[in-house]
1. Could you tell me the accessible area of Lys261 in Å² (1.4 Å probe, neighbours in place), rounded to the nearest ten?
2. Heavy atoms only, 1.4 Å probe, whole protein assembly: order Arg55, Arg190 by accessible area, highest first.
3. Just Gly180, Gly168, Gly69 to compare: in a GNM of the chain, with alpha carbon springs under 10 Å, which one fluctuates most?
4. Heavy atoms only, probe 1.4 Å: what % of the accessible area of the chain goes to carbon and sulfur, would you let me know?
5. What residue among Thr16, Thr216, Thr138 has the largest mean-square fluctuation in a Gaussian network model of the chain, using Cα springs under 10 Å?
6. Heads up, I need the accessible area for Phe89: 1.4 angstrom probe, whole protein in place, Å², nearest 10.
7. Can you pull out the chymotrypsin sites (Phe, Trp or Tyr not before Pro) in region 101-138 that DSSP calls coil and that have at most 13 other Cβ atoms within 10 Å?
8. Quick one: Karplus J couplings for region 243-254, per residue in order, coefficients 6.51, -1.76, 1.60, θ = phi - 60°, nearest Hz, x for Gly and Pro?
Amino acid sequence: MRHGNRPVSERFGVQTRDHVAQLVFGNPPHNFATIALIRGIADALEALDADPKVRAVVLAAEGRAFCAGADLVSPNGFGAQSDDPLREFYDQVLRLYATRKPIVAAVQGAAIGAGLGLAVAADFRVAAPQARFSANFTRLGFHPGFGLTYTLPRLIGAQRASQMFLSGERYRTDEVVAWGLVDRVVETERLTEAALAFAAEIAVNAPLALVATRATLRAGLVEAVRAAIEREHAEQLKLKDTKDFAEGVRAMSERRPGNFKGR
């Protein structure tokens, strides 16, 4: 989560080689998720869907963090000056799930909150040993979002997902790989190489068959994520004006436990 104001600086780069595209995003220093960041990733993925040379995509981030959470204050984050910035944000999230080509996320550091949601939106995750994964919403006095109440149990099972949601703890890569949240673990210096190699294993296959098989495996996913987001969004709207949420944001910025009062 981002705290404090600074200029918006989202950026994106795409390189393609041997049927694999590498999409690198950045919003330094922690790659916090904003409306603009998710829109830019969705724009790039849709453009790659339309490129017949591309069969698989690696989604990677600049810097030390993959995505350390959502930006709650800037005009492009949840602090946007609009009637419902959460709705704007989730409109972009749904575009991620509607893409057609396999995605491998390269997770080098924190994947927290919305960052966890972004990692889970990919088909596969390659992670460094020092990466950390957290659904820390309740520690903020907030409700989970990004469709995670559907996608996370689908990926790791209801019990493990409940543990992540209700504890808000940060989990190490070696813990979550056993749960199925991470597919491969490699050292940071080899992360990009390993993610590209994983994507290349996919990209050697017939492109029409890849798209068709992925569509079957993800049949109904967009609709299910949309339904989950509707529920999440409604609960987040209720909680965002509570004193507990304000305390959660303060506590996180001050790096201390929240002192919640249930109001």
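1. Rounded to the nearest 10, that gives 120 Å².
2. Values: Arg55 50, Arg190 110 Å².
From most exposed to least exposed: Arg190, Arg55.
3. Gly180
4. On the way: 6330 of 11910 Å².
After summing per-atom areas, the C and S share lands at 53 percent.
5. Thr216
6. Approximately 0 Å² of Phe89 is accessible to the 1.4 Å probe.
7. Details: sites: Phe124, Phe133, Phe137; in loops: none.
When the chymotrypsin sites (Phe, Trp or Tyr not before Pro) of region 101-138 are filtered for loop state and at most 13 Cβ neighbours within 10 Å, nothing remains.
8. Going residue by residue, I get 5, 4, 5, 4, 5, x, 5, 4, 4, 5, 5, 8 Hz, with x marking Gly and Pro.
The values are calculated or read from the model by the stated rules, or taken from the named source; none is laboratory data. Because the structure is a prediction, the values reported are computed rather than measured. All Cβ positions, glycine included, derive from the backbone under ideal geometry; neighbour counts span all protein chains shown. Side chains are part of the model used for accessible areas, which takes the heavy atoms of the whole protein and leaves out ligands, DNA and RNA. Shrake-Rupley method; radii C 1.70, N 1.55, O 1.52, S 1.80 Å.
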